[in-house]
Amino acid sequence: MRRLSRLPLTLCFGLAVMVSLIAPMARAADRERVDAFLEVTGFDVALESIRLSADSAPEMLGIDADAFGSEWSRLVREVFETDLMLDMGAGILAQALSDDALEHASDFYASDLGQRLVAAENASHMEEDDAAKAEA
């Protein structure tokens, strides 16, 4: 009788182990789809734009960048490590988006309209003239 009462516990433990082994494989497939989604949306360009803006922050504030020495540029590279930020963003989206939501968003951004929007946004990120950006 004792053996029978342990069977469900053993079975549950075995299922838990199997799920823990299978779950990362399922997330890896989702992660590939999320990475493709981020590529089609130009997320990498947006992150690079953020880094460039941070790098030019002293000038935006009217402070001579040389007053910071090389430390400001080093800190910006460290804090705004775009590869790490891209990886973190993909990880967050992989956890937050359902397969249906990811498919819907991917389909939109892969469409002609979605690609035109991405191109326009990417171009705006690379606009050098901050006054023109503000006016637009």
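Pick from region 27-45 the residues that are hydrophobic (A, V, I, L, M, F, W, C) and either more than 18 Å from the chain's Cα centre (by Cα) or modelled with pLDDT of 85 or more (or both): which of them is surrounded by the fewest Cβ atoms within 10 Å (Cβ to Cβ)?
36
Which residue out of 73, 53 is surrounded by 11 or more Cβ atoms within 10 Å (Cβ to Cβ) and within 20 Å of the chain's Cα centre (by Cα)?
53
So which of 97, 93 ends up being modelled with pLDDT under 90, surrounded by 15 or more Cβ atoms within 10 Å (Cβ to Cβ) and closer than 30 Å to residue 60 by Cβ?
From the options 97, 93, the qualifying one is 93.
Restricting to region 64-99, count the residues that are of a type in the set (Ser, Thr, Tyr) and in contact with a helix residue (DSSP H, G or I) (Cβ under 7 Å, 6 or more places away or on another chain).
Residues in region 64-99 being of a type in the set (Ser, Thr, Tyr) and in contact with a helix residue (DSSP H, G or I) (Cβ under 7 Å, 6 or more places away or on another chain): 2 in total.
The values are calculated or read from the model by the stated rules, or taken from the named source; none is laboratory data. A quick note: this is a predicted structure, and the numbers were derived from the prediction, not measured. Counting neighbours? That spans all protein chains shown, and the Cβs are built from the backbone with ideal geometry, glycine included.
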